[in-house]
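Written out below as structure tokens is the structure these notes cover.
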Amino acid sequence: DKIEVLQVGPYPQWDEEKLNATFTMHRYFEAADKPAFLARVGANIRGIATRGELGANRAMIEALPKLEVISVYGVGYDAVDLAAARERGIRVTNTPDVLTKDVADLGVAMMLAQSRGMIGAESWVKSGNWASKGLYPLKNRVHGRRAGVLGLGRIGYEVAKRLAGFDMDIAYSSTSAKKLAENWTFIADPVSLAARSDFLFVTLAASAATRNIVSKQVIEALGPEGMLINISRASNIDEGALLDALESGALGAAALDVFEGEPNLNPRFLKLDNVLLQPHHASGTYETRKAMGKLVFDNLSAHFAGRPLLTPVL
Ligand code: 8YV
């Protein structure tokens, strides 16, 4: 008999084929009544395959008495209740490294697109405004300006490397100054980092400790000429304060890939013209998603074969 696994979200067809061939996958995301679904299929489930932004909460973990392993399709595992997993000795894996450079690429692309007004400029062409109204309004330069990277982990480092290519003056925060960042300025305090930045990238792994680390004060320190770029998790930002500042002009602009309650955004975002909004797809390339899907599968297989996990969190 195949091992039973709870599938919390959808995967590309190539991943689903492989998972379905090896395991009995229970498609949680298609169930109308989720608690009833868990009550019906939960007794024999030994694994969870989830996604970074969906995770596995305590209620789900507690509804699965035979659960042994949670395999996350994503580097961020903040949506997994680690305490609940730890109490039961349940293993947790994620997909680090394989997505780092794609996430950094998208963050930098958002900075460029938003600064230079590329989305609006494309509408200018397609709407015929170029011919009827003339030149597109001037926009702000990127190269040579000041960038802050809040959280110089794997993704933050790749962002900073890319920004160095634009001759930017780079500062970063981190738990401590990093050797590999000798040309960059270490500023531990997020408000001070924001105050000296034209562009502030949020590249922190989210946890209870980083919740709303981008506070009203940080947002106001970034200021009316500043731009906030978030490619981490919405919980790292005080989203209410962000919306207030974008509406009032206390913050110049934002480029965001992640939102509270996504994919159902706060409707205030949709009315703003100083934002660039992306549908949480910084890791969304064929190459990376294939590597992520392989890690999800390989971690589950390793666990059930009694081999060491490839990329364990717990
Ligand atoms: C998502 C992510 O997991 O890696 C992460 O932490 O947020 C993303 O890669 C992706 O959208 C797949 O769910």
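The values are calculated or read from the model by the stated rules, or taken from the named source; none is laboratory data. Being a predicted model, the structure only gives us computed values, none of them experimental. Note: ideal-geometry Cβ built from the backbone for every residue, glycine included; neighbour counts use all protein chains shown.
Has the stretch 229-244 got at least one residue that is over 21 Å from the mean Cα position of the chain (by Cα), crowded, with 23+ Cβ neighbours inside 10 Å and either part of a helix (DSSP H, G or I) or in the same structural domain as Val149 (by TED's automatic domain parsing) (or both)? Don't jump to the end; show me each part of the working.
The first filter runs over the stretch 229-244 and keeps only residues over 21 Å from the mean Cα position of the chain (by Cα), leaving 244.
Now restrict to residues that are crowded, with 23+ Cβ neighbours inside 10 Å: none.
No, the stretch 229-244 contains no residue that is over 21 Å from the mean Cα position of the chain (by Cα), crowded, with 23+ Cβ neighbours inside 10 Å and either part of a helix (DSSP H, G or I) or in the same structural domain as Val149 (by TED's automatic domain parsing) (or both).
For the stretch 56-73, a residue qualifies if it is crowded, with 23+ Cβ neighbours inside 10 Å and either within 13 Å of the ligand (Cβ to nearest atom) or within 17 Å of Ala208 (Cβ to Cβ) (or both), and the qualifying residues are Ala56, Ser71, Val72, Tyr73. Is it fair to say Ala83 is outside the structural domain of Glu182 (by TED's automatic domain parsing), out of contact with any Leu (no Cβ under 9 Å at 6 or more places or on another chain) and of a type outside the set (D, E, K, R)? Considered against the rule, which asks whether it is outside the structural domain of Glu182 (by TED's automatic domain parsing), out of contact with any Leu (no Cβ under 9 Å at 6 or more places or on another chain) and of a type outside the set (D, E, K, R), Ala83 comes out as yes.
Looking at this structure, is Lys101 out of contact with any Leu (no Cβ under 8 Å at 6 or more places or on another chain), over 30 Å from His143 (Cα atoms), surrounded by fewer than 20 Cβ atoms within 10 Å (Cβ to Cβ) and modelled with pLDDT of 95 or more? For Lys101, the condition - out of contact with any Leu (no Cβ under 8 Å at 6 or more places or on another chain), over 30 Å from His143 (Cα atoms), surrounded by fewer than 20 Cβ atoms within 10 Å (Cβ to Cβ) and modelled with pLDDT of 95 or more - is not met. Filtering the stretch 297-313 to residues that are within 20 Å of Asp78 (Cα to Cα) and either away from the ligand (no atom under 16 Å from the Cβ) or out of contact with any helix residue (DSSP H, G or I) (no Cβ under 7 Å at 6 or more places or on another chain) (or both) leaves Asn299, Leu300, Leu309, Pro312, Val313. Only one of the numbered conditions (1) outside the structural domain of Thr210 (by TED's automatic domain parsing); (2) touching a Pro at 6+ places or on another chain (Cβ under 9 Å) is violated by Pro263, and that is (1). The single condition from (1) over 24 Å from Ala109 (Cα atoms); (2) under 17 Å from the mean Cα position of the chain (by Cα) that Asn299 fails is (2). Looking across the stretch 288-314, the residues that are of a type in the set (Gly, Ala, Ser) and more than 9 Å from Thr93 (Cβ to Cβ) come down to Ala291, Gly293, Ser301, Ala305, Gly306.
Quick one: is Ala36 more than 14 Å from the chain's Cα centre (by Cα), more than 16 Å from the ligand (Cβ to nearest atom) and small (Gly, Ala, Ser)? Yes, satisfied.
Condition first: over 16 Å from Val214 (Cβ atoms), assigned to a helix (DSSP H, G or I), among the acidic types (Asp, Glu) and within 15 Å of the ligand (Cβ to nearest atom). Can you find one or more residues in the stretch 274-295 that meet it? Talk me through it step by step, then tell me what you get.
As a first pass, look at the stretch 274-295 and keep what is over 16 Å from Val214 (Cβ atoms): 274, 276-295.
With the extra rule that they be assigned to a helix (DSSP H, G or I), the set shrinks to 286-295.
So of that shortlist, the ones also among the acidic types (Asp, Glu) come out as 287.
Remaining after also requiring within 15 Å of the ligand (Cβ to nearest atom): 287.
Yes, that holds for at least one residue.
Quick one: count up the residues across the stretch 74-87 that are among the β-branched types (Val, Ile, Thr) and within 6 Å of the ligand (Cβ to nearest atom). Step through it out loud before you land on a result.
Our first condition is that a residue be among the β-branched types (Val, Ile, Thr); within the stretch 74-87, this holds for 75, 80.
From the residues that got through so far, the ones that are within 6 Å of the ligand (Cβ to nearest atom) too are 75.
Total meeting the criteria: 1.
A count restricted to the stretch 246-265 and to residues that are in contact with an Asp or Glu (Cβ under 7 Å, 6 or more places away or on another chain) and more than 16 Å from the ligand (Cβ to nearest atom) stands at 2.
Name the residue, out of Leu163, Leu138, that is part of a loop (DSSP other than H, G, I, E, B), assigned by TED's automatic domain parsing to the domain that holds Asn212 and not charged (D, E, K, R). Leu138 is the lone residue from the list that is part of a loop (DSSP other than H, G, I, E, B), assigned by TED's automatic domain parsing to the domain that holds Asn212 and not charged (D, E, K, R). What about Gly151, is it in the same structural domain as Ala43 (by TED's automatic domain parsing) and within 16 Å of the ligand (Cβ to nearest atom)? Spelling it out, it is not the case that Gly151 is in the same structural domain as Ala43 (by TED's automatic domain parsing) and within 16 Å of the ligand (Cβ to nearest atom). Counting the residues of the stretch 227-245 that are under 23 Å from Ser283 (Cα atoms) and more than 14 Å from the ligand (Cβ to nearest atom) gives 5.
None of Val218, Val191, Val258 is among the hydrophobic types (A, V, I, L, M, F, W, C) and in a loop (DSSP other than H, G, I, E, B) except Val258.
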